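> The structure is given below, and queries will be raised subsequently.
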Amino acid sequence: MESVEILKNNTSEVVTLEESKDLFSGNREAYIGFEPSGLPHIAILIYVNKINELVKLGFRVKVLLADWHARVNDKLGGDINLIRESGERLRKSMLYAGLNQGVQFIWATDLVANPDYWELLLQIAKNSSLLRIRRSLPIMGRTEEDADKDFSKYIYPLMQVTDVFYLNSDLALGGTDQRHAYMLARDIAEKMGRKKPVLIEMPLISSLKGKGRMDDFKKMSKSDPESALFLTDTDNDIRRKIKNAFCPMGIVENNPVIDIMKYLIFPYYAREIEIKRSESHGGPYTIHSFRELESKYLNSEVHPMDLKKALTEILINIILPISNKLNSD
């Protein structure tokens with residue numbers, strides 16, 4: 001049960017938790033794919049820490065640098081050289097952030113060079129309907145209209161499912177926005193005589209700029225520099241971005257400052273945080289858990305600016321050592 005709790009730690013969902021109990025004996029393979037598409041931001045740190053937990057649980061973790069997928073998705077103008085440069089920077093950022101050295105990095109370019117990869121993709125396509133593929137398009141931030149203009153977009157979900165099966169994955173790790181592709185893999189696994197992968201869905205961090213339209217969640221994005229904290233950011237960048245971050249008093253939902261505290265700081269980097277409030281406003285105090293922070297913030301007992309100052313200092317200590325290494329390469 002302790003292993004299951006570690007597996008479930010800081011996740012949005014495990015599909016299914018009951019099936020995951022069978023994953024802690026023998027050699028188990030875990031997979032996660034990243035589409036190189038720009039500078040890495042702090043959400044990568046959530047995955048670095050989760051991958052390290054999986055390694056400690058005995059999983060052999062493969063990280064796919066999905067350069068072909070990024071090309072299909074028109075990232076970095078579809079320039080494969082820029083995409084691969086981005087992938088290499090992502091790999092280094094994860095290692096500089098403390099990723100276990102035993103984790104294996106694989107390029108999609110190397111997978112697709114094998115005819116067996118395309119044979120498997122064809123089998124997956126034969127076991128999938130167009131309607132089901134269309135439903136999976138949000139995994140790449142695309143709509144059905146995008147795919148209708150460029151048929152290669154329909155190949156992307158098939159490639160992602162192929163990656164899971166081709167790498168013989170017992171467990172697939174990804175953000176909640178990747179759910180459709182992984183659920184497709186689970187849906188057709190038995191029909192194809194393949195292992196049904198357990199799915200771990202990881203939380204997404206809200207954009208620093210807040211929501212898009214009313215009540216719409218908008219995630220931190222590499223394509224909008226002021227919406228994200230990059231692992232290449234300087235001290236001044238971090239201070240500016242957190243100072244300007246969307247952080248309404250008494251509201252925790254879709255609040256990026258709260259998200260960072262919930263999904264990154266308390267799970268992995270700090271058992272407690274110090275709020276350095278002036279004596280005229282009651283003096284400094286310590287918060288010992290995220291649950292305590294959430295309760296106090298909902299009751300407007302923590303001022304957004306005080307929380308931002310505390311978070312800024314923590315993030316500087318986390319990001320700058322990584323940033324300095326990346327920027328010196």
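> Can you tell me the dipole magnitude for the stretch 180-318 around its Cα centre, using point charges on the Cβ only (Lys, Arg +1; Asp, Glu -1), in Debye to the nearest 20?
Taking the Cα centre of the stretch 180-318 as origin, the dipole is about 480 debye.
> By how many nm would the segment from K211 to I251 lengthen if fully extended, with 0.36 nm per residue of separation less the alpha-carbon distance?
On the way: separation 40, 0.36 × 40 = 14.40 nm, distance 1.26 nm.
Roughly 13.1 nm would be gained on extension.
> Which of the GluC sites (Glu not before Pro) found in the stretch 113-192 are loop residues per DSSP with 14 or fewer other Cβ atoms within 10 Å of their Cβ? It would help to have the intermediate numbers written out before the result.
Numbers: sites: E119, E144, E145, E190; in loops: E190.
Passing sites in the stretch 113-192 are E190.
> Let me ask you something else. How large is the dipole of the stretch 189-247 about the Cα centre if only Lys and Arg carry +1 and Asp and Glu carry -1, each at its Cβ, rounded to the nearest 20 debye?
Values: 14 positive and 9 negative charges, 48 e Å.
For this selection, approximately 240 debye.
> Here's something else I'd like to know. Skip the ligands, DNA and RNA, and give the accessible area per residue of the chain with a 1.4 Å probe, whole Å². Could the numbers behind the result be given before it?
Working: 15400 Å² over 329 residues.
Here the per-residue accessible area is 47 Å².
> Given R₀ = 30 Å, what would the calculated FRET efficiency be for E279 paired with K243, taking r from the Cβ atoms and rounding to 0.05?
Working: r = 23 Å, r/R0 = 0.75.
About 0.85, to the nearest 0.05.
> Find, among the chymotrypsin sites (Phe, Trp or Tyr not before Pro) in the stretch 149-196, those assigned to loop by DSSP (not H, G, I, E, B) with at most 12 other beta-carbon atoms within 10 angstrom. Let's see the in-between values first.
Details: sites: F151, Y154, F165, Y166, Y182; in loops: F151.
Qualifying residues, ordered by number: F151.
> For the chain, set up a GNM with springs between Cα atoms under 10 Å and report which of I188, I42, I32 has the largest fluctuation.
I188
> Next question, about the same structure. Describe numerically, in nm with one decimal, the distance between label points set 7 Å from Cα along Cα→Cβ at K309 and at K126.
Label at K309, label at K126, 6.6 nm between them.
> Here is a further query. For the stretch 35-96 and the stretch 171-238, compute the distance between their C-alpha centroids and round to whole Å.
If we compute the Cα centre of each part, the gap is 12 Å.
> Under 8 Å for C-alpha pairs, at least 6 residues apart: give me the relative contact order for the stretch 174-233, rounded to a whole percent.
Numbers: 53 pairs, mean separation 15.9, N = 60.
Reported as a whole number, the value is 26 percent.
> Just need the relative contact order of the chain here, percent rounded to a whole number, with Cα pairs under 8 Å and 6+ apart.
Details: 501 pairs, mean separation 58.4, N = 329.
Rounded, it is 18 percent for the chain.
> Nothing charged except the Cβ atoms of Lys and Arg (+1) and of Asp and Glu (-1): what's the magnitude of the dipole of the chain about its Cα centre? Round to the nearest 20 debye.
On the way: 45 positive and 46 negative charges, 15 e Å.
In debye, rounded to 20, the chain gives about 80.
> Report the calculated FRET efficiency for K191 and R60 (r = Cβ-Cβ distance, R0 = 41 Å), to the nearest 0.05.
On the way: r = 26 Å, r/R0 = 0.64.
The pair K191/R60 has a calculated efficiency of 0.95.
> Do any chymotrypsin sites (Phe, Trp or Tyr not before Pro) in the stretch 1-41 lie in a DSSP loop with no more than 12 other beta carbon atoms within 10 Å, and if so, which? Write down the numbers at each step before the final one.
Details: sites: F24, Y31, F34; in loops: F24.
Sparse-neighbourhood loop chymotrypsin sites (Phe, Trp or Tyr not before Pro): none present.
> Another one. Under a plain spin-label model, where a point goes 7 Å from the Cα along Cα-to-Cβ, how far apart in nm are D224 and N114?
4.0
> Something else now. As a check on your grasp of the helix formula, calculate [θ] at 222 nm for the chain: sum -39500 (n - 2.57) over DSSP H runs of n ≥ 4, divide by the residue count, round to the nearest 500.
Numbers: 15 runs with 152 residues, N = 329.
Here the helix-only value at 222 nm equals -13500 deg cm²/dmol.
> Given 0.36 nm per residue, what is the gain on full extension from N317 to L82 after removing their alpha carbon distance, in nm?
Working: separation 235, 0.36 × 235 = 84.60 nm, distance 2.94 nm.
Gain on stretching N317 to L82: 81.7 nm.
> Please name whichever of L184, I238, P248 sits farthest to the positive end of the charge dipole of the stretch 165-254, dipole taken about the Cα centre and charges placed at Cβ: Lys and Arg +1, Asp and Glu -1.
Positive-most Cα among the choices belongs to L184.
The values are calculated or read from the model by the stated rules, or taken from the named source; none is laboratory data. Small disclaimer: the values here were computed from a predicted structure and weren't measured. All Cβ positions, even for glycine, are placed from backbone atoms using ideal geometry, and neighbour counts span all protein chains on display. Ligands, DNA and RNA are excluded from the accessible area calculation, which covers all protein heavy atoms including side chains. Shrake-Rupley method; radii C 1.70, N 1.55, O 1.52, S 1.80 Å.
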